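Please read the structure below before turning to the comments.
A short reminder: the numbers here are calculations on the coordinates, not readings from a lab. Every value quoted in this text rests on a predicted model; they were computed, and no experiment measured them. Cβ placement follows ideal geometry from the backbone for every residue including glycine, while neighbour counts extend to all protein chains displayed.
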Amino acid sequence: MSRLGNFSTLGNRLYSGETAVEVVGRRKRWFASFGIVLLLAVLGLGVRGLHFSVDFTGGSVLTVPTQSLSTTEATSIAVNNGVSAPVVQQLTVTTGGAGHEVTVTTPVISATTENTLKADLAKAAGISVNSITVQTVGASWGHQVSKDAIEALIVFLVLVTIYLAIFFEWQMAVAALASLLNVIVITVGVYAWSGLEVSPATVTGFLTILGYAIYDAVVVFDKIRENRKQFVDTDRLSYNRAANLAVNQTLMRSLNTSLIAVIPVIALMIGGVLSEAVVLQDIALALFVGIAAGTVSSILLAAPLLVWIKERNPSVAAHTAKMRAKAKKEAARAASGAEDAQVQQAVPVGAPDPGPVGAGTIKIAGRVPAPGSGTPQREVQPRGNQRPQPRSNKKKR
């Protein structure tokens, strides 16, 4: 119960500054980590590449209702008919009774090849040729979809950059844009390594997660701006310390928001796997990877990158050096005061003298001078223990 209680109050302790997670001070570590992840994502694009759906490349989708045809057999039939790199999937359907469907996605092929392929698939599945449905997508339409998706992404990034530059600072706009590009590359790299198709549903989920990513960054930047006015402008904290405090103050909020958002995404992903609905799997994976990457980037990349950019400003760098010098003086003063307090606690000022500490020593304000220090030494008799004076031998007259 005590651990649960401590966890429940963690957000309050982070917000008040009682405890802190060092984020800004370890920015080199985070930059190196993100660099490695980005390198892996780029390698995924170079080695495996992206598999675009027929909606982008153009081609035909042949749907074969069957109980016996396997994906291996369908792939072999498509290759034997001269189809290059066919994408074959098996789906479970409930329309007209429980059964299966095998979809064969091909590039743009001639009408003769398409008819021959349909006949061979129908023969292998034991059904009539008319039972196979064909959906054809032209290459020009797929090219237009790709162009529109890229234009939508560019417009989104430009509008976000302009908004942050106007209502916040241009440095924040640059940091947020770098964080968004990081999320884009990581998500694309995951899709490259996974081998899943990039479909319009993927693009929809992709654009959605960019909204989550920029939301987290804006929350952190708004708190940094507030802390700058409250702590930096009043010479209470340096800019990097105020930024780190802002990250800690918004940490629990960002994590809770992302956790609540990712729970239905996980449910959507599980539902897509169980129902073998490829569209659900595509959009769920894009949302899951994007939310996770956006949350981590807004915490460990956006704020540290903003501080790194701001410290290139001579005035911010000078203020940071000033605050560091001030902190060192306060630390030295505190250490000196702690040393005095320890000595005074050992020998309280005004307390009865327990006796000479050493031959011919004297205590001043609770301190014992070191031998040979040049301080006049005299023996001080303890109070209440005065030596008796010798009586005079003279008689009174």
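Summary of computed values
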read-out	value
Proxy reagent accessibility, fewest Cβ within 10 Å first, across Thr116, Thr57	Thr116, Thr57
Spin-label pair Gln90/Phe52, simplified geometry with 7 Å Cα→Cβ offset, distance in nm	3.0 nm
Over 14 Å [Cα-Cα, the stretch 59-137], rounded percent	56 percent
Extension gain (nm, one decimal) between Tyr163 and Leu255, 0.36 nm per residue minus Cα-Cα	30.7 nm
Sorted by Cβ neighbour density within 10 Å, fewest at the top, the residues Thr202, Thr106	Thr106, Thr202
Fewest-first ranking of Lys118, Lys328, using other Cβ atoms within 10 Å as the exposure measure	Lys328, Lys118
Rg followed by Dmax, in Å, when the stretch 156-286 is reduced to its Cα trace	17.9, 60
FRET efficiency, 1/(1 + (r/R0)^6) with R0 56 Å, evaluated for Leu39 and Ala318 via beta carbons	0.95
Estimated FRET transfer efficiency when R0 is 30 angstrom, pair Thr75-Leu207 (beta carbons, to 0.05)	0.35
Using a Förster distance of 56 Å, the FRET efficiency for Ala327-Ser140 (Cβ separation, nearest 0.05)	0.30
Cα-centred dipole magnitude for the stretch 20-125, charges only on beta-carbon of K, R (+1) and D, E (-1), debye, nearest 20	700 debye
